[in-house]
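The values are calculated or read from the model by the stated rules, or taken from the named source; none is laboratory data. The shown structure was predicted, so the numbers you read here are calculated from the model rather than taken from an experiment. Here the Cβ is made from the backbone with ideal geometry for all residues, glycine too, and neighbour counts use every protein chain on show.
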Amino acid sequence: MVSSGDVDFERVTVSDVSRFYGRRRALSRVNFDCASGEIVGLLGPNGAGKSTLLSVLATLAEPSTGKVRYGAWSARAGGAKLRAKIGFLAHDLQLYPELSARENLEFFAGLYGLDRCEARADAALASAGLEFRADEVVEGFSRGMRQRLALERAMIHAPRLMLFDEPFTGLDEASCTALVDRLRHLRGDGRIVIVATHDLDVVDGVLDREILLTGGKLQVLRQSGTLRERYRAAVAKRRGNEQRVKPLQKNVQDQDSEDENGASP
Amino acid sequence: MNRFLQVAWLVVWKDLRVEARSKEMLFTTLFFAISIVLVFSFGFVRAGQAVEGAAAGILWIAMAFSGTLALGRAFERERYHDALRGLLLAPVDRPAIYLGKLVGLLLLLSLVETVVAVLVAFLFGVPFFRHGWWLFLMLSLGTVGFASVGTLFSAMLVRTRSRTVLLPVLLYPVTIPVLIMGVSGTTALVQAEPDLAMARLWISLLFFFDTVFLTLALWTFEPVMTE
């Protein structure tokens, strides 16, 4: 195992994080924190900035402004030892389709500097229910099987912070239930779990806290009702605000252009 | 084994395993290189006699063009399913990933160059293997120089939409010295009176180029790959 004894953390703190892609703002002054033993849901419509926020948390992208702290560590100071404590199941599964399930797991176990790679791969394959197809290339797997394999790949090094981007995609009901149990197990094990998902019914009752991102900004969900009701109310409220603001912005723009036209000879 | 080398070896092993299954890069690169040599052989060989000095140029052009094709594919594999981010998230020195990709490419290109060198020697009737070790050294150093720059550019362009067009545009201006040194050195070796002193000079210059660009590439890979 990579020596990471001196880099561990109980809390992740996101302070005033913004992220720009050129002139487009993907995240706008996002603030939140989460502690070990907590499952935090990252909700929001498509393009809200969820994947960008997960990339920043995974240290794959640097914030344009603001800071992310992993306990006492920043991503830059923690470097490779900090990355050894982060697991990321992305929407794209980060597997090599030409390699077998076992080869994929052993390759990533090797990259993480783990000992007994074969035994760990066997355990991961059993956990994914893929022990009978361990030596088949991933190319022939269904989306659900790939998803289960990618989940094991992301967690093979027992990370402190586990990030999930749409983890329920392609999973059947039994696999969804197994994943929910896994999330609860991770919480009980003192991990920090952040899940970005649209499958609100599946995660309702599992999440300790929800964070809603819309247009790169954080929004608070009200407390009463089901997760889906709260989500819809928050998104509707946000859209209502935008509808109110847009005519005002247009008026200001019209006024500016009139002033410019009036000023020109 | 040193952890840096261990990671580089893991990446090489993975790339070789993937290539052994798909044979995609080997076959396309080899086919392209052989096509180039065959086309040139029709233009430069008349009545069984090759134009003097043409063989060295054709050998290096075949290496450069087919190498560009391989370089273009080198990071495509990592782009599919976003595997590159999986690599970058691993707690490893990122230059080790670069080194692994580079060594994998060098192994592939060395295989292609062996076939191409034999084919050029046969079609153009040049004594490439009169000083075989010298030619081996020249080609090895030239390929390292070409591929070390190309692997870095290929990694830089992996997230770019027009990467296939941009790669040669960026690569050739920087690697032109390698090709000139390679052609000049090879010509010195295969001419009627081999000029070993001149060949040694070109080999020294290639070694210098390799040292500079390999160091620069290892140094810049980490910032280049950080979003």
Discussion item. Report every pair of residues separated by at least 6 positions or lying on different chains whose Cβ atoms are under 8 Å apart, first residue within the range B:152-165 and in contact (Cβ under 8 Å) with a residue 12 or more places away in the chain and more than 18 Å from B:VAL103 (Cα to Cα), second of a type in the set (Gly, Ala, Ser) and assigned to a helix (DSSP H, G or I).
Written reply: B:ARG163/B:GLY72; B:ARG163/B:SER154; B:THR164/B:GLY72
Item to complete: Test each condition in (1) within 30 Å of A:THR226 (Cβ to Cβ); (2) more than 13 Å from every other protein chain (Cβ to nearest Cβ) for A:ASP16 and report the one that comes out false.
Response: (1)
Worksheet item: Pick from A:VAL56, A:VAL40: which is outside any helix (DSSP H, G or I) and β-branched (Val, Ile, Thr)?
Response: A:VAL40
Response to the item:
Checked the range B:158-173 for anything in a helix (DSSP H, G or I) and out of contact with any helix residue (DSSP H, G or I) (no Cβ under 9 Å at 6 or more places or on another chain); matches are B:VAL165, B:VAL169, B:PRO173
Discussion item. Can you list the helices (runs of 4 or more DSSP H) lying wholly within the range B:1-87 that have 1 or more residues being at pLDDT 90 or above and in contact with a Leu (Cβ under 6 Å, 6 or more places away or on another chain)?
Written reply: B:3-22, B:24-44, B:54-74
Practice prompt. Output the residues belonging to the range B:18-34 that are buried (at least 17 other Cβ atoms within 10 Å of the Cβ) and not hydrophobic (A, V, I, L, M, F, W, C).
Written response: B:GLU19, B:THR29
Response to the item:
Scanning the range A:5-45 for residues that are of a type in the set (Val, Ile, Thr) and touching a Cys at 6+ places or on another chain (Cβ under 8 Å), the one surrounded by the most Cβ atoms within 10 Å (Cβ to Cβ) turns out to be A:VAL12
Worksheet item: Looking at (1) within 10 Å of chain B (Cβ to nearest Cβ); (2) within 15 Å of the chain's Cα centre (by Cα), which is the one condition that is false for A:PHE32?
Response: (1)
Item to complete: Taking the residues in the range A:145-183 that are acidic (Asp, Glu) and touching a helix residue (DSSP H, G or I) at 6+ places or on another chain (Cβ under 8 Å) as candidates, determine which candidate is surrounded by the fewest Cβ atoms within 10 Å (Cβ to Cβ).
Response: A:ASP172
Response to the item:
Considering the range A:184-217, residues that are of a type in the set (Gly, Ala, Ser) and at pLDDT below 90, and then whichever is surrounded by the most Cβ atoms within 10 Å (Cβ to Cβ), we arrive at A:GLY216
Worksheet, complete the sentence: Just one listed residue, out of A:ARG143, A:ARG116, A:ARG120, A:ARG133, is basic (Lys, Arg) and within 13 Å of chain B (Cβ to nearest Cβ), and it is A:ARG143
Discussion item. It is to be established whether one or more residues within the range B:114-127 are within 14 Å of another protein chain (Cβ to nearest Cβ) and either part of a loop (DSSP other than H, G, I, E, B) or in contact (Cβ under 8 Å) with a residue 60 or more places away in the chain (or both).
Written reply: no
Worksheet item: Across the range A:60-92, what is the total count of residues that are free of Cβ contacts under 8 Å to residues at least 60 places away in the same chain and facing another protein chain (nearest Cβ under 7 Å)?
Response: 5
